[in-house]
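The values are calculated or read from the model by the stated rules, or taken from the named source; none is laboratory data. Being a predicted model, the structure only gives us computed values, none of them experimental. Using ideal geometry, Cβ is built from the backbone for each residue, glycine included, and neighbour counts are taken over all protein chains shown. When the accessible area is computed, the model is the full protein with side chains, heavy atoms only, and any ligands, DNA or RNA have been set aside. Shrake-Rupley method; radii C 1.70, N 1.55, O 1.52, S 1.80 Å.
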Number of protein chains: 2
Amino acid sequence: MAIHKKEAFTQKEQDLAAFAKAMAHPARIAILKVLAQRNECICGEIVDILPLAQSTVSQHLKELKTAGLIDGSIDGPRSCYCINWKAFEKFMGEFSFLFNKLKVQNEKACC
Amino acid sequence: MAIHKKEAFTQKEQDLAAFAKAMAHPARIAILKVLAQRNECICGEIVDILPLAQSTVSQHLKELKTAGLIDGSIDGPRSCYCINWKAFEKFMGEFSFLFNKLKVQNEKACC
DNA sequence: ATTTTATATCGCAAATATACGATTAGAGGA
DNA sequence: TCCTCTAATCGTATATTTGCGATATAAAAT
């Protein structure tokens, strides 16, 4: 294939896919869970909780941040992360719109 | 790395990640959209709509089916697919549970 | 100034995913 | 029976992801 054809799809389709992709790994789900549970933002605590090396966790955090699912700020020698609730609401809303809305008229089984 | 450490996470984390992964590609989002829009179940129409080769579309359909997001049945010489609304509700519910529930108590900004 | 502590980044190896053409399989129709 | 149409699967090239150790960076502590 050589070429990934993401460009051939609509921006909204790409955005939804990117959002899903950011959550498409159990480690990142686990990170989001930790961030959601603790009111304050965590950094290296995540490394202690997850069964992964520090560098790997850092990489997952970077992906989540790039995707916009979490925010991060430097706090002295350590980094602080937290969930970007706005982004979450936006995407969850789009998923709901895309599928829940259509569900109503389609409820009956096909095939 | 050689080893994917999925096993090191909880079943629920793995399930959510697998669900997200199934939607982590714009082509699959587009397929789900088509299936959601048409009341009856489609097969090769998807190939006409998407800018991808038949074999590629078939592969995406297989992934969606394996992940449980769609159902498929053979109808003579052609295949018929439709969205598995039950699975959708289940996963959307889990996402909402995981994040919306926690949002309430965390609304304030951190970092 | 040196050492510790906390993170990010680099480089690499292995696993997966993406895409397509070619081939296969099965149902209908000529 | 032979051909056609639809869809799945195989083989393969390339791209991306995952994971870790090693290294770099930067603030705090000694």
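Some observations on this one:
- Ellipsoid fit via the Cα gyration tensor, the protein assembly as shown: semi-axes of 34, 19, 16 Å, each the root of five times an eigenvalue, largest first.
- Shortest-first nm distances, A:VAL34 label point to equivalent points in other copies (7 Å, Cα→Cβ): 4.1
- Taking all protein chains into account, the per residue accessible area for the protein assembly as shown stands at 54 Å² (1.4 Å probe).
- Helical contribution to [θ] at 222 nm, DSSP H n ≥ 4, -39,500 (n - 2.57), averaged over the protein assembly as shown, rounded to 500: -15500 deg cm²/dmol
- Over 21 Å between alpha carbons, listed pairs A:LYS6/B:LYS90; A:LYS21/B:LYS62; A:LYS5/B:LYS62: A:LYS6/B:LYS90
- Sorted from closest to farthest, the other copies place their B:GLY93 label points 2.5 nm away, with each point set 7 Å from Cα along Cα→Cβ.
- Total formal charge among the other residues, if their Cβ is under 12 angstrom from that of A:GLU45, Lys/Arg +1 and Asp/Glu -1: 0
- Longest stretch of chain B clear of exposed loop sites (GluC sites (Glu not before Pro), DSSP loop, at most 14 other Cβ atoms within 10 Å, sites excluded): B:41-106.
- Share of carbon and sulfur in the accessible heavy-atom surface of chain A [1.4 Å probe, %]: 54 percent
- Summed residue charge, Cβ within 15 Å of B:SER58's Cβ, Lys/Arg positive, Asp/Glu negative: +1
- Selected from A:HIS25, A:ILE49, A:GLN14, residue furthest toward positive end of dipole (chain A; charges at beta carbon): A:GLN14
- Residue (of A:THR66, A:ILE83, A:SER96) at the positive-pole extreme of the stretch A:14-105, dipole from beta-carbon charges: A:SER96
- Helix B:11-22 axis versus longest C-alpha principal axis of chain B: approximately 40°, rounded to the nearest ten.
- At 7 Å out from Cα toward Cβ: A:GLN59 inter-copy label distances (nm, ascending): 2.3
- When the other protein chains are added to the chain by itself, burial of at least 40 square angstrom of heavy-atom accessible area (probe 1.4 Å, ligands and nucleic acids ignored) affects these residues of the stretch B:22-68: B:MET23, B:ALA24, B:PRO26, B:ILE29, B:LYS33, B:ALA36, B:ASN39, B:PRO51.
- Magnitude of the charge dipole, the stretch B:11-97, Cβ model with Lys/Arg +1 and Asp/Glu -1, debye to 20: 80 debye
- The stretch A:58-72-the stretch A:1-33 distance, computed between alpha-carbon centres (Å): 13 Å
- Accessible area that becomes buried as B packs against A, both chains, 1.4 Å probe, Å², nearest 100: 4300 Å²
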